[in-house]
Every structure is written in C-alpha cells, then in structure tokens.
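Inspection log for the structure reproduced underneath, given as structure tokens.
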Amino acid sequence: MRINRFRRREFMALLGGAATWPLGARAQQPAMPVVGFLHSAPSTSAHLLAAFRQGLGETGLVLGHNVAIEYRWAEGHIDRLPELAADLIRRGVAVIATPGSQPAALAAKAATPAIPIVFGVAEDPVKLGLVASLARPGGNVTGVNFFTAELGAKRLALLHELIPGASRVGVLLNPADAMRAESTLRDVEAAARAIGLQIHVVRARTGREIDIAFADIVCERCDALFVGPDPFFYNRRVQLATLAARYAIPATYAARDHTEAGGLISYGTDLADMFRQVGAYAGRILKGAKAADLPVEQSTKFELVINLNTVRALGMEVSPTLLARADEVIE
C-alpha cells in the first residue's frame, strides 16, 4: 500500500508540474493556417466576404477556430499590389486568394512561385498567363473564371432591347486597370458595330472623375450608359446609381448589387457564388490538395436583374418578354 500511495503522489506531482515543462517537451500544437486575401479595391461587400468564408466552411474550416484570414486592400491603387502580396508572403500565409481582382491575381503570381494562389478573374486565365490550361493549371495557381468581361456583348444587346431607340451609348471604364478596360472596350466596340450603335468612351478612377464622366456623357447627348466591370465601380455603385438617376440616364451594370443600389439593369455572374467557389478551393488546398491538380472552375450562375422602380422613375417601359426572362425584378 505504501508503494501504491507513493506512486499515486508521484504521478499527481508530475501531472501538476506539466504546466511548467518547457515548450519543446510538450506535444506540439499545429499552427492555425492563414489565408491571405488580396484585392485591388478599398474593400468589398460584407455578403461577398461571408460567401468566401462559406466556401472555406464547406471544407470544414471555420474562421477563428481552425483558420485565419489576413486581408490586404490596395484601396484602388493597383501599383500597391506587389508590396501587399510581398507582405502576405512575409506573414507566412498558406494560400493567397484573389476573388474578383485580376490585378491582384497577377501580382500574387509574380510574387511567389511556391505559395498556392486561388483567383477569381473575369477573363480567360490562360490568355492572362495565370495558368497553362483550364483542365490542368500546372504551377501554383488555379481558381474561377467568372466571365464578366466576356459578357459585354450580351449586356449591350440587353440594353439595346430595353431602349431600342438608343443610338449613342456612353462606355465608362477604369483606366487604372488598363488590361481589363481595353478588353472590355474591344468587346463593346465589336458588339456596338453589329447592332448599329455609336459609343462614347469616358474614363474614371476616382469618385471626382466619375462626376466629370457623367457631365461629359450628358454633354455628348448619350442615350444610355454601359458601366464597365470593375471592382472600383462596384464599390461606387451607389454614386453611379445616384448620378444616373439625377441625369436620367439608363445604365447597365455587371453585377446585381448595382441594380439593388438603384441601377436600371444588370447582367452578369452571381458574384457571391464566385467568392464561395474561391473560398472552397482555398479550403481544399489547405486540406492538402495541390493547385496544379485543381482544374479552373467556370461560373455557371448568371443573373439578369431589372429594377422596376428605376424603370418607372425614368419614364420607361419594359417589354413583357424581357421581364419574363429576368431572374429577378426589383419593385
């Protein structure tokens, strides 16, 4: 019995002293993986970030529990992206996600050949040089192509169907992202020629320049406005809708959030679903998948949204056939 009591006291003493053991003597706890989130905009909508976290959650990763996120926003200054990418690399992130920001994806790829990168880009990622092919990306980069820049012709055709009497359309582009702007312009120019529309190009990279662009559109007697797909314009959607209402200019946008903010009509990818897809791919990589083996996904959810309140405010009418094709009508 003495021996048993001694052993029990010895065991309890050792157990109580475990808290003072050196760290190296304890079982090592794995560090929480960190996702680097890189974007060219000042910020983005809370529901899009929630969709990104939902995608992570689909792979069993919960923010603050077994994964962390480090956000880096370029505030519209694309030239800052290389340093922000380098900062994430120094931070030791396990994967970099760039949903909805083509310049961020290119900056991340240029910054590291090793850390996995998951993009969400509006154009063909093969043409952009991000991946070798859609089926087998190769390297450390994969992601989602959400086609927004490639839907310019469709958006212009829908605008023309809504306003058949229009002959001159303003096209608003962001010169800070020259690659996206020029690609959009090429598509819109070709589509405009095909349906007999003239276009007038205006450019803006700041809120003040958007004000100036609208004054120019009015001066040039444009019948309608085509707003280019760009994160900067997405973040300025309230300003754009307000100015379009003030000057009574029918306008088309690339995302439903513009229409919800008071814009007339939008056609494009379900951005929340794209953010979710990027989050899910980032999660799969954190779980052990290799970016090189994950084929580039392509968005399959597209939305035509019409704001009837704006239609009425502009004194317009929408054909029953166009209303019937809309995925959502805001009243």
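Every read-out reported here was derived from the displayed coordinates using simple, explicitly stated rules and does not represent laboratory data. None of these values were measured; they are calculated from a predicted model. Note that each Cβ is placed from the backbone with ideal geometry, even for glycine, and that neighbours are counted across all protein chains shown.
A few notes on this one:
- Rounded to the nearest 20 debye, dipole of the stretch 122-274 from Cβ charges on Lys, Arg, Asp, Glu: 140 debye
- Placing dummy labels 7 Å off each Cα toward the beta-carbon, the span from residue 247 to residue 54 is 3.5 nm.
- Note on residue 321 and residue 65: the model spin-label points, each 7 Å out from Cα along the C-beta direction, lie 5.1 nm apart.
- Full-extension gain in nm, residue 206 to residue 77, via 0.36 nm per residue minus C-alpha separation: 45.4 nm
- From the largest down, the stretch 182-331 spans 56, 34, 31 angstrom on the principal axes of its Cα atoms.
- GNM result for the chain, Cα springs below 10 Å: residue of 41, 107, 178 fluctuating most strongly: 178
- Dipole of the stretch 272-331, positive direction: furthest Cα of 280, 309, 291, with charges on the beta-carbon: 291
- Contact order, relative form, for the chain: 20 percent (alpha carbon pairs under 8 Å, 6 or more residues apart, mean separation divided by residue count).
- Placing +1 on the Cβ of every Lys and Arg and -1 on the Cβ of every Asp and Glu, with no other charges, gives the stretch 255-331 a dipole of roughly 340 debye about its Cα centre.
- Exposure proxy for 258, 200, 47, 39: other Cβ atoms within 10 Å of each Cβ, ordered fewest to most, give 47, 200, 39, 258.
- Here the spin labels are modelled as points 7 Å beyond Cα on the Cα-Cβ line, and at residue 330 and residue 260 they lie 0.9 nm apart.
- Electrostatic bookkeeping for residue 293 treats Lys and Arg as +1 and Asp and Glu as -1; over the other residues with beta carbon under 14 Å from its beta carbon, the sum is +3.
- Normalising the average separation of contacting C-alpha pairs (under 8 angstrom, six or more residues apart) by the number of residues puts the relative contact order of the stretch 67-207 at 17 percent.
- For the chain, the alpha carbon convex hull comes to 172 Å³ per residue, rounded to a whole number.
- Based on Cα contacts under 8 Å between residues 6+ apart, the stretch 179-331 shows a relative contact order of 17 percent.
- Dipole magnitude of the chain about its Cα centre (Cβ charges: Lys, Arg +1; Asp, Glu -1), debye to nearest 20: 1900 debye
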